[in-house]
Amino acid sequence: MNGTDNQILQARSSAAMFETCVMKYMKDSYRIALGFCGNHQDALELSQEAFLKAYRSIRHLQNNDKFFPWFYQILRNLCFDYMRKKKTQAAQPLDEITSEKLMQNNFDPEAIAERNETKEIIWKAIGQLDEKHREIIILRHFLNQSYEQIAKNLFCSKGTVMSRLYYGRRQLKEILSTMKGGH
Amino acid sequence: MTCQDYKNLMMAYIDGELEAEAKKTFEEHLQSCKECSDEFKEFKQLKQHTDEIKFTEPEERIWEQYWQNVYNRTERATGWILFSIASILLLAYGGFKAIEAIIRDPSVGLILKAALLILIAGAAVLFVSVLRERIYFWKNDRYKDVRR
Ligand SMILES: [Zn+2]
């Protein structure tokens, strides 16, 4: 995926070249945002906002073939801000978390293709993960990235990717068993 | 190697990221460790379920309009910047002309003229101060997004 980024960005802020970049990554950008915010409308808005921010600061991009990891930092920061806003709106004490409350986040089941109960519950559970854990699940499962690609995008080692995946999936298992326990 | 080390390997095994040799080492550990092998079954199942989740594809029209939406917003942002610069220039020019006329007018008292000049000096200090603050926040905001 990096081979052509260099070419794309040779003319940097020229609108035509930036357009190629947007077209190339718009679907990934949307899927990442959807994993963070859980509904179509906000995902579309966040992913476009990220491109707008990228356009404004594209001259700060040091190395042209690193467009995606660089863009990803902008996108994730926007998504993290979004999650923090949502969290403060729906703050609740930990001991009151019940399976009903866990099912009530804004993770829209409509976002999932060929819905069934298992998929819906897992989707809702992903919506309860901490930002760092959710991020690793999104990149691995929804973007189908290899450990090497994830490490590049998160500026960390493959070892860190593995341990984050372990803790992320473990948290996901815990949330799922709380949900099932309440039924 | 401790069980904790095997837990990281477990992720790589599930995700198909292990070389043949490491795979064998991991499988051998599973044979001898019940805790890891139980956990392995759970994680494997979770990974399969999570992999099955696919997103509803938005309508094709969304992708067709996507670039246009981003472009319109960059254009609008540029428009606002130009509009603001022009407004400030025009206001400054108009204000300068008006003040010049008052200062030159012999029928206006000296105290009023002095008060007007002090007022302008005060406004200028406030303007520079606010501008500095905005530039400071703008810079910090910009680097917040870019890690290197
Ligand atoms: Zn073990």
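The values are calculated or read from the model by the stated rules, or taken from the named source; none is laboratory data. Quick caveat, the model's predicted, so the values are computed rather than measured. Cβ placement follows ideal geometry from the backbone for every residue including glycine, while neighbour counts extend to all protein chains displayed. Accessible surface is based on the protein model in full, side chains and every heavy atom, while ligands, DNA and RNA are left aside. Shrake-Rupley method; radii C 1.70, N 1.55, O 1.52, S 1.80 Å.
General remarks:
- Enumeration of residues in segment B:26-41 that are surrounded by 14 or more Cβ atoms within 10 Å (Cβ to Cβ) and in a helix (DSSP H, G or I): B:Phe26, B:His29, B:Leu30, B:Cys36, B:Ser37, B:Glu39, B:Phe40
- Residues that are more than 21 Å from A:Ala151 (Cβ to Cβ) and acidic (Asp, Glu), drawn from segment A:36-65: A:Asp42, A:Glu45, A:Glu49
- Qualifying residue in segment B:57-71 (condition: within 14 Å of the ligand (Cβ to nearest atom), touching a helix residue (DSSP H, G or I) at 6+ places or on another chain (Cβ under 7 Å) and open to solvent by less than 60 Å² (accessible area, probe 1.4 Å)): no
- Of the numbered criteria (1) within 10 Å of chain A (Cβ to nearest Cβ); (2) within 23 Å of A:Ser29 (Cα to Cα), the one B:Gln45 fails is (2).
- Test: residue in segment A:66-89 that is open to solvent by 50 Å² or more (accessible area, probe 1.4 Å), modelled with pLDDT under 90, within 21 Å of A:Ile150 (Cβ to Cβ) and out of contact with any Leu (no Cβ under 8 Å at 6 or more places or on another chain): yes
- Residues of segment B:14-42 satisfying the condition of being of a type outside the set (D, E, K, R), under 42 Å from the mean Cα position of the chain (by Cα) and within 13 Å of the ligand (Cβ to nearest atom): B:Phe26, B:Cys36, B:Phe40
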